[in-house]
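Please read the structure below before turning to the comments.
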Amino acid sequence: MRRLLLYIVCYAFTTNCEAQNRTNIWMLGYNFTSTYPDLGFQFTNDTLEMFTFQRPMGFFLTDAGICDTLGNLLFYTNGITIENANHDTLFDSEGFNPGWATDYYDNGVLGLGMYGGAIIIPRPNYPLQYYLFHESAEIFLMPFGSDVNPLDLRYSLVDMSLDNGLGGIVSGKKKVVIINDTLQYGRIAACKHANGRDWWMIVHQYFNDRYYKLLITPDSIYGPFEQEIGFKVSYYDDVGNAIFSPDGSKYVLMENRDSIDIFDFDRCTGELSNEVFIHVPDMEVTTGCTISESGRFLYVGTYAHIFQYDLWSNDVPNSGMIIAEYQDTVSGLDRWFAGMQRGSDNRIYVSTWSGIHWMHYIKYPDSLGVACDVVQSGLDLPSYNASTVPNFPNYDLGSLQGSPCDTLTTSQSSLINDNFEIRLSPNPASSTINIEYKTDQVLQMKLVDITGKQRMQIKLYPYFRNRLAHVEDLPEGIYLAVFILNNKTIMMTKISIVR
């Protein structure tokens, strides 16, 4: 039997202080057999500096990396290999992402060709550990012929205390299958939970309208939780990405062809809602998208155009306008628009489809229309890059103040006394939950399922010290126990019900 002790004030620091500088360094590049050196970006005091060096790794689409809170590089991956801060193979990481696609691109001495094929999430409450979620792909048959897609989502757990501080994969925690199903190609996206500590992660099922969601907490990874919403993605899905808005309130899924779904995202429950569908009016393939710092403007790239959509508009689809048209007649198709990512200087960097030493950028992403100033081929790179920009979440996102889930990083000292505590046991529970508490005011406890539906509400009176909650009629699953004082949520925790 495990007992859970909840203390109302459990942190002396904020999430934002913990997260800054995580994306200071971008690892970029192309074919490592090239005579050209490898490429990197470093953002220092919101100023971009570019550098070159040599390493045994190439990049093509898949790109994920992370820094420590001081902005020092920890490790990074191209989906095929993982390298540490010394640009050597991360300890015990060989073969971490097996699959047909891995072998195919590795033979071509590039990185994995999958936008959003990997992402790195700090393990909550474990400052030296990081989850690397990743996909490869396999060939399989469909009625219309063969296709290539991921057959699972895996993770590998990296511990920076290994290999004398250079990091390595924890024994028994390499290439762990967490979702076993055929998935859309890449498009792994993540967002901070409303408590400012945990994480939500979303991927999409192949050729269907089903989303899979994971909840990443200090003690475990819960899920996958399923939700069917939005359009049915097509089988032709090899290019395109998925993103969250900087504040986590919006989720965007891009199809390879011309379709984009925009949803409201509930950071407490992980639910998607209020679909807005956009048909991009362009004959070209959609290649990448991102959102401005304020969360107002969605930028969508095709090979030949960049569109801007106003997410604050009452009619988002009809707010779209072309703010850039490909104009380079000298380089041919080399400088087609490709992947997009926002830098810490708040410019949006737009990669080119082919391996060249130029990159486009959007100078003022929070300005309406052409005032955003798309500077084509405006960044003269010291080496070559092909299509690649890193995939990362907003590590700086804090708790959602005023939400039912904001209590992990919000002091409630004005509402409670120093001796306030709650104990729940057992966890998991099967028939009853024993609630032990100490308070001088009436508390309410609500039990909420993972969809956000309230399943139980009971009062905890100050003249008692414990109460039993009967849960034998509730379905198995993960629930949130929400404690409310004077109409304000003061604490939440998970509890499992099993039979």
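The values are calculated or read from the model by the stated rules, or taken from the named source; none is laboratory data. Worth saying up front: this structure is predicted, and the values here are computed from it rather than measured. Cβ coordinates were reconstructed from backbone atoms using ideal geometry, including for glycine residues, and neighbour counts include every protein chain displayed. Only protein heavy atoms, including side chains, enter the accessible area calculation; ligands, DNA and RNA are left aside. Shrake-Rupley method; radii C 1.70, N 1.55, O 1.52, S 1.80 Å.
I'd like the Kirkwood hydrodynamic radius of the range 431-499, using the inverse of the mean 1/r over distinct C-alpha pairs, in Å. Here the Kirkwood hydrodynamic radius works out to 12.4 Å. Distance between the pseudo-spin-label points of D103 and T35 (7 Å out from Cα toward the beta carbon): 3.4 nm. Projecting label points 7 angstrom from Cα along Cα→Cβ for D219 and R467 puts them 2.2 nm apart. Between T44 and D181, full extension at 0.36 nm per residue minus the direct alpha carbon distance yields a gain of 45.2 nm. As a fraction of the 1.4 Å probe accessible area of the range 122-208, surface on carbon and sulfur atoms comes out at 51 percent. Scanning the chain for GluC sites (Glu not before Pro) in DSSP loops with at most 12 neighbouring Cβ atoms within 10 Å leaves 95-471 as the longest stretch between them. Under 19 Å from a label point set 7 Å out along the Cα-to-Cβ vector of F140, the amide N atoms of the range 215-241 belong to 224-228, 232-239. Remark: spin-label model distance T432-L70 equals 5.4 nm, labels positioned 7 Å along the Cα→Cβ axis. Applying 0.36 nm per residue to the separation of V498 and F51 and subtracting their alpha-carbon distance, the gain on full extension is 155.5 nm. Here, the chain is characterised by an Rg to Rh ratio of 0.99, where Rg is the alpha-carbon radius of gyration and Rh the Kirkwood radius. Across 5 Å bins from the origin, how do the percents of Cα pairs in the range 257-326 run, short distances first? It works out to 4, 16, 27, 25, 16, 8, 3, 1, 0, in whole percents. Per-residue ellipticity at 222 nm from helix content only, as computed over the chain with -39500 (n - 2.57) for each DSSP H run of at least four residues, stands at -500 deg cm²/dmol. Accessible surface computed residue by residue for the chain, with neighbouring protein chains in place and a 1.4 Å probe, gives 40 Å² per residue.
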